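The values are calculated or read from the model by the stated rules, or taken from the named source; none is laboratory data. All values reported here derive from a predicted model rather than from experimental measurement. Don't worry about glycine lacking a Cβ; one is built from the backbone with ideal geometry, like all the others, and counts go over all protein chains shown. To get the accessible areas, we keep the full protein, side chains included, count just its heavy atoms, and leave off ligands, DNA and RNA. Shrake-Rupley method; radii C 1.70, N 1.55, O 1.52, S 1.80 Å.
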Amino acid sequence: MKLYKIGAVFAVIICIIALVFSYLTWQHKLENVLEKPEEANSQGADNTKEEASATETKTTNETSVNIEELTANMDEQVQQLVLDRSEGESLKMLIAGSAALESGQPGYAAQLKSSIEETYGNFIEVDIVSVSRTSEFLVNVDLSAGYDLVLLEPMTLMNNDRIAIEQEREHIKAFDAAMTAEVDDAVLVLHPPQPIYGAGYYLAQVTALDEFAANNGYAYIDHWSAWPDTDDVELKNYLTEDGLPNDNGAGLWAEELEAFFIAD
């Protein structure tokens, strides 16, 4: 009987020990289960922060540009204007010229606009205006938007046998005056129209435009150096039958202008 009682006591003790052990084991497991989500959330939060930081850095890198490096090929006055505007302002640019700017698929103006806006982002906004007829009609160009920078092909080819070189110069000066009346520190950049095969007096007109720009302090882009000579039959591969740029000509012209506005 005594042995039975002793055995019952031992059984009770063993049961109590087993229950205590089970309870402690369950508590330990429960604590682990409760801690893991917190640990995971902490890691998830850290990962989210890291991802957000990486995204922010990527966005900053994608939208920020080094203006000084990009403007390295520009004329000094053009570069200074762009650098000045980069200090908290945007820059409005106009590309104006004869119908040649629209010739080709796409024309040189559209290609240049795309390249500039893609490179400089929201900093530079580009408009395009095609002028019909001769340089005397430059007066009809609407400059009221207030352009900081204007790239002008001053209708030199259209002026051939119609407008004298001296008159063209006066038309350019009048255009410049109208431009600076809207934005007093605006800068005008000149460039000649496309070369044409078998050019005669036109060569003298283009030379005169170059000299006029140099003597009057205008920035000038001489893209003719990239084209075949006017007496080289290869030039025809860059022009339509009407003497306007074809796709090849528009692409070549755009590349030369892009090299001025966008340094590699």
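Rundown of residues vs (1) under 23 Å from LEU83 (Cβ atoms); (2) of a type in the set (A, V, I, L, M); (3) in contact with a Gly (Cβ under 6 Å, 6 or more places away or on another chain), yes/no style:
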| position | (1), (2), (3) |
| --- | --- |
| MET179 | yes, yes, no |
| VAL183 | yes, yes, yes |
| ALA186 | yes, yes, no |
| VAL189 | yes, yes, no |
| ALA199 | no, yes, no |
| ASN215 | no, no, no |
| ALA219 | yes, yes, no |
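Filtered by the rule that a residue be surrounded by fewer than 18 Cβ atoms within 10 Å (Cβ to Cβ) and of a type in the set (A, V, I, L, M), the range 213-235 gives ALA214, ALA226, VAL233.
Looking at ASP210, ASP242, which one is in a loop (DSSP other than H, G, I, E, B) and either without any contact (Cβ under 8 Å) to a residue 24 or more places away in the chain or open to solvent by less than 20 Å² (accessible area, probe 1.4 Å) (or both)?
On the way: ASP210 fails: in a loop (DSSP other than H, G, I, E, B).
Result: ASP242 is the single residue among ASP210, ASP242 that is in a loop (DSSP other than H, G, I, E, B) and either without any contact (Cβ under 8 Å) to a residue 24 or more places away in the chain or open to solvent by less than 20 Å² (accessible area, probe 1.4 Å) (or both).
Restricting attention to the range 133-169, the residues that are in contact with a strand residue (DSSP E or B) (Cβ under 6 Å, 6 or more places away or on another chain) and open to solvent by 70 Å² or more (accessible area, probe 1.4 Å) add up to 0. Just need a number here: residues in the range 207-264 that are touching a Phe, Trp or Tyr at 6+ places or on another chain (Cβ under 8 Å) and on the phi > 0 side of the Ramachandran plot. Going through the range 207-264 one residue at a time, the tally reaches 1.
I'm trying to understand the selection: among the residues of the range 122-132, which are modelled with pLDDT of 95 or more and either over 17 Å from LEU101 (Cα atoms) or open to solvent by 70 Å² or more (accessible area, probe 1.4 Å) (or both)?
Residues of the range 122-132 that are modelled with pLDDT of 95 or more, as a first pass: 123-131.
The answer is PHE123, ILE124, GLU125.
When restricted to residues that are open to solvent by 10 Å² or more (accessible area, probe 1.4 Å) and under 23 Å from THR230 (Cβ atoms), the range 170-197 contains 2. With respect to (1) open to solvent by less than 70 Å² (accessible area, probe 1.4 Å); (2) touching a helix residue (DSSP H, G or I) at 6+ places or on another chain (Cβ under 9 Å), the lone exception for GLY200 is condition (2).
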